[in-house]
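Please treat every number below as a calculation from the coordinates, not as lab data. In this text, all values refer to a predicted model and were calculated from it rather than measured experimentally. Neighbour counts run over all protein chains shown; Cβ positions are idealised from the backbone, glycine included.
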Amino acid sequence: MPAPAGALGLASRILEELDRGEELASGTRTLRLHSLLVAHYASLIASRLGLDPVAYYLAGLLHDYGKLEARERGLDEDEYTAEKAAGLLEVLGAPEELARRVAGILRRGARRDPVLGDADVLAKLGLQGVAQFIAKWTARGSSLAEMLVEGLPRELTVALNPRLYLCTGPAREAGERLAGEAVEAYTRLLEEAEEALGLGLRLVEERVEGVRAVFVAVERCPRCLSPGLERRLEPHRGRLCRGLRMVHRCPRCGWAGRGGVCLPWRRCGPGEPTTTPGPA
């Protein structure tokens, strides 16, 4: 996924800064691939729509820049990212007009810019999206069962409903293929995990506001292996979205697992939320 010609000189230095910032904040280096994928898809969609592919490529690289810091300080994440990215681009010698365009995209953020938002969704689909998912949860120190119970529902639900989570025509075209790859890979991962662990891992499907939502149920406690887990579905409102989550609790050892799904959270056009399918 080569960078557009106008971004080549900046991309490598931006990635170095992203690596350094993530390592300082969390001790990990898992954002590079995600940032590259978002940049690639943002540039691709922008080109198809007649927008600036270079500005969108750089915005994709920088879309998570400084967000952990903003979150910790209680600041607006999109505004903080835009300001921080503009400062970095100035230091790196980017043309002023290009830096202004990138900051404008980042100020809208993935929730309000359909190109950037679609790129962020596409980056989490396909086999590379599955690889990112595994790397992220492994870096957190999660067990395989916890990764599946707590993390898989959100990713698999998006993959099963790509047209509800994507806004632009080019993204929806690409999303069908990538979503199919992700569904197949995640389903196989769950099957093989159950074969290895024998915990009674299985998918549970619910229809929520037109969304085919899936959760991972588990019959035996991943910690003490006891059967008889308590399980319930409950509404959930998180930092960025609202949805539903499945909560497990082991009465014997106290282990708890919460796996939630986000209902479509972006607005694809003036006054049109993605909870209703847009045009083909």
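What to note about this one:
- Per the chain, cysteines lacking a partner by the 4.7 Å Cβ criterion: none
- Our summary gives the chain a relative contact order of 14 percent, counting only alpha carbon pairs under 8 angstrom and 6 or more residues apart.
- Remark: region 73-87, residue by residue, has Karplus-estimated 3J(HN,Hα) of 8, x, 9, 5, 5, 5, 5, 5, 4, 4, 5, 5, 5, 4, x Hz, where x stands for each Gly or Pro and the curve is 6.51 cos²θ - 1.76 cosθ + 1.60 at θ = phi - 60°.
- Percent of C-alpha pairs per 5 Å bin in region 37-178, short distances first: 2, 11, 17, 19, 18, 17, 10, 5, 1, 0.
- Between helix 126-139 and the chain there is an angle of about 70 degrees, using the helix long axis and the longest principal axis of the Cα atoms.
- R223/E72 FRET efficiency (R0 41 Å; Cβ-Cβ; nearest 0.05): 0.90
- Residues V91 and R32, FRET efficiency given R0 of 22 Å [Cβ-Cβ distance, rounded to 0.05]: 0.65
- Helical contribution to [θ] at 222 nm, DSSP H n ≥ 4, -39,500 (n - 2.57), averaged over the chain, rounded to 500: -17500 deg cm²/dmol
- The alpha carbon convex hull volume per residue for region 123-214 rounds to 90 Å³.
- Peptides 260-266, 243-249, ordered by how many other C-beta atoms sit within 10 Å of their residues on average, highest first, read 260-266, 243-249.
- When the Cα convex hull of region 203-250 is projected onto planes of every orientation, the mean area is 3.9 nm².
- Model label points for L49 and L240, set 7 angstrom from Cα along the Cα-to-Cβ axis, are 1.8 nm apart.
- At 0.890 mPa s and 25 °C, Stokes D of the chain from Kirkwood alpha-carbon radius, µm² per second: 124
- Sites A196 and R163, calculated FRET efficiency, Cβ-Cβ separation with R0 35 Å, nearest 0.05: 0.55
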